[in-house]
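What follows is a single structure, written as structure tokens, with notes after it.
The values are calculated or read from the model by the stated rules, or taken from the named source; none is laboratory data. Values in this document were obtained by computation on a predicted structure and should not be read as measured data. Here the Cβ positions follow ideal geometry from the backbone for every residue, glycine too, while neighbour counts run over all protein chains shown.
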Amino acid sequence: MLQQIIPIHHGKLLTREELDAYDPAAEPWQKQFSRRYTHHAELYGILNHVEKVDESVYSQFSVAITPYMAQLMDRDDPNCPLRLQYLPTRNEESKPGFQTMLDELGEEGDTIPGTSVVHRYPRRVLFLVSNTCASLCRFCTRKRMVSQPDGSVHKDEIERSIDYIAGNKDIDDVLLSGGDPLTFSDERLDEILGELRRRAPHVRFLRIGSRMVVQLPTRVTPELCAVLERHRVQMINIHINHPKEITPLLRERVKLIQKAGIMMGLQTVCLKGVNDDVAVMRELFMQSLEMGVRPYYVYSTDMVEGAHHFIVPHHRMLELYEGLRGWISGPAVPTFIVDGLGGLGKLPIIPQYVREELRADGTGTTVKCRNYAGRTVEMPGLGLDFRVPSRTN
Ligand SMILES: *Cc1c(COP(=O)(O)O)cnc(C)c1O
Ligand code: SF4
């Protein structure tokens with residue numbers, strides 16, 4: 001049996017005038033979900049200069065944009081950081097010089113057969129519960145399943161996944177993701193989380209990754225927060241790539257989650273043209289910190305089909321990191337990550353500030369240090385394998 005996630009019928013799409021007057025907080029989230037724009041042609045007249053793309057783009061990845069997200073988009077600028085994230089462009093039709101794929105991270109290889117659990121690391125698992133999101137990001141790393149008609153997670157797959165977690169006593173950390181787990185109804189989430197907690201008491205840390213909080217903040221209701229609190233969800237990681245996504249409505253709903261005692265983290269994808277800029281990143285992470293949402297990871301764009309034009313080169317990611325560390329509050333600085341090809345896993349991208357070097361006279365090592373602003377100092381004692389002069393008095 002399929003999970004009932006997507007509303008069967010489409011609600012009426014909002015015109016530009018209706019969108020200008022639209023109050024996203026005044027309508028139940030399910031209603032807004034049914035009013036999503038799902039074709040670039042539906043945005044003609046809503047936004048200007050919408051690029052006409054070939055229909056073949058849709059066979060690879062669907063389009064979905066909530067009215068709330070459309071409202072935040074710049075009406076005229078095709079390079080608006082929100083438009084770039086959600087509107088398809090002709091870039092998706094071109095092929096890069098390197099190979100792209102649908103499952104670049106090799107998650108299928110690490111999926112436990114019959115389940116939707118990716119068990120790659122010791123003691124913790126990624127549990128994919130849904131293949132839908134409120135809006136669809138053009139650079140999505142899970143294009144192999146997200147929005148694909150045959151990518152739905154079946155009810156019995158979810159049951160077998162819970163069986164697996166219940167039967168593996170050394171799993172102490174479960175990360176629910178998708179797609180977006182919050183596309184489920186409160187009742188269904190209540191069932192899944194309740195079943196997990198009841199059958200797997202050895203799980204110490206239960207977390208959810210969701211972008212719906214950002215794409216459709218009204219999904220966060222007191223009822224939802226009660227469900228999350230009841231089942232002791234300890235952390236929710238939201239996904240924001242640009243300060244424009246942080247609105248008063250988002251702040252208000254984030255506060256609801258925090259009131260339920262849930263720690264919050266931020267995940268960001270490093271995207272060319274959207275946030276590959278030190279000033280943009282500093283602002284994003286400081287605004288996040290102000291909300292009490294701790295920047296956690298910045299991911300490099302994965303080599304998925306139709307997303308190559310977003311890739312920020314590795315050397316540039318190092319520079320971006322160097323523009324943050326030391327320059328803004330420590331808690332605002334996330335870890336930069338590249339997810340290794342074919343299942344190698346998360347690899348931190350860390351510039352070297354401290355480096356051991358053989359001394360010119362060959363007597364041992366010295367440690368060369370460089371601070372955030374480029375000042376350097378040598379610390380010969382830190383290597384500790386050169387001959388320590390003995391006291392002879
Ligand atoms: C990211 C990820 C996790 C969680 O990793 P943390 O570094 O603990 O946040 C777990 N499993 C898979 C497959 C992942 O990709
Ligand atoms: S919210 Fe996440 S899973 Fe959903 S489309 Fe965007 S990147 Fe993919």
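For the stretch 264-273, the criterion of being touching a Gly at 6+ places or on another chain (Cβ under 7 Å) and in a loop (DSSP other than H, G, I, E, B) is met by none of the residues.
Counting only strands (runs of 3 or more DSSP E) that sit wholly inside the stretch 313-369, those with at least 1 residues that are closer than 21 Å to Val293 by Cα and within 16 Å of ligand 2 (Cβ to nearest atom) are 335-340.
Taken over the stretch 223-243, residues that are farther than 19 Å from Pro24 by Cβ, within 16 Å of ligand 1 (Cβ to nearest atom) and of a type in the set (A, V, I, L, M) amount to 3. Cβ-Cβ distances below 8 Å connect no pair with a first residue in the stretch 16-36 that is assigned by TED's automatic domain parsing to the domain that holds Ile65, a second residue that is part of a helix (DSSP H, G or I) and at pLDDT below 95, and a separation of six or more residues or different chains. Report whether or not Tyr121 is at pLDDT 95 or above, away from ligand 2 (no atom under 16 Å from the Cβ) and aromatic (Phe, Trp, Tyr). Yes; evaluated as a whole, the condition is true for this residue.
Selection of first residues in the stretch 359-378 that are within 27 Å of Gly323 (Cα to Cα) and not assigned by TED's automatic domain parsing to the domain that holds Arg325 and of second residues that are aliphatic (A, V, I, L, M) and outside any strand (DSSP E or B), restricted to Cβ pairs under 6 Å at least 6 apart or on distinct chains, gives the following pairs, ordered by first then second residue: Val367/Leu382. In summary, helices (runs of 4 or more DSSP H) completely within the stretch 115-222 and bearing 2 or more residues that are away from ligand 1 (no atom under 16 Å from the Cβ), farther than 30 Å from Glu27 by Cβ and touching a residue at least 40 places away in the same chain (Cβ under 8 Å) occur at 155-167. In the stretch 137-144 there is no residue that is closer than 27 Å to Leu289 by Cβ, out of contact with any helix residue (DSSP H, G or I) (no Cβ under 8 Å at 6 or more places or on another chain) and more than 16 Å from ligand 2 (Cβ to nearest atom).
Is it the case, given these coordinates, that Asp163 is modelled with pLDDT of 95 or more, of a type outside the set (Gly, Ala, Ser), out of contact with any Ser or Thr (no Cβ under 6 Å at 6 or more places or on another chain) and not assigned by TED's automatic domain parsing to the domain that holds Met69? Yes, satisfied.
Residue by residue, here is whether (1) among the β-branched types (Val, Ile, Thr); (2) in contact with a strand residue (DSSP E or B) (Cβ under 9 Å, 6 or more places away or on another chain); (3) at positive phi holds:
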residue: Arg142; (1), (2), (3): no, yes, no
residue: Pro149; (1), (2), (3): no, no, no
residue: His154; (1), (2), (3): no, yes, no
residue: Glu159; (1), (2), (3): no, no, no
residue: Ile162; (1), (2), (3): yes, yes, no
residue: Lys169; (1), (2), (3): no, no, no
residue: Leu175; (1), (2), (3): no, yes, no
residue: Gly179; (1), (2), (3): no, yes, yes
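Within the stretch 45-74, being surrounded by fewer than 13 Cβ atoms within 10 Å (Cβ to Cβ) and under 19 Å from His10 (Cβ atoms) holds for Gly45, Glu55.
Picking from residues in the stretch 315-369 that are of a type in the set (S, T, N, Q) and over 30 Å from Thr111 (Cβ atoms), the one that is farthest from the chain's Cα centre (by Cα) is Thr363. Here the stretch 288-300 is the region considered, the condition is being buried (at least 20 other Cβ atoms within 10 Å of the Cβ) and within 19 Å of Asp276 (Cβ to Cβ), and the residue that is nearest to ligand 2 (Cβ to nearest atom) is Tyr299.
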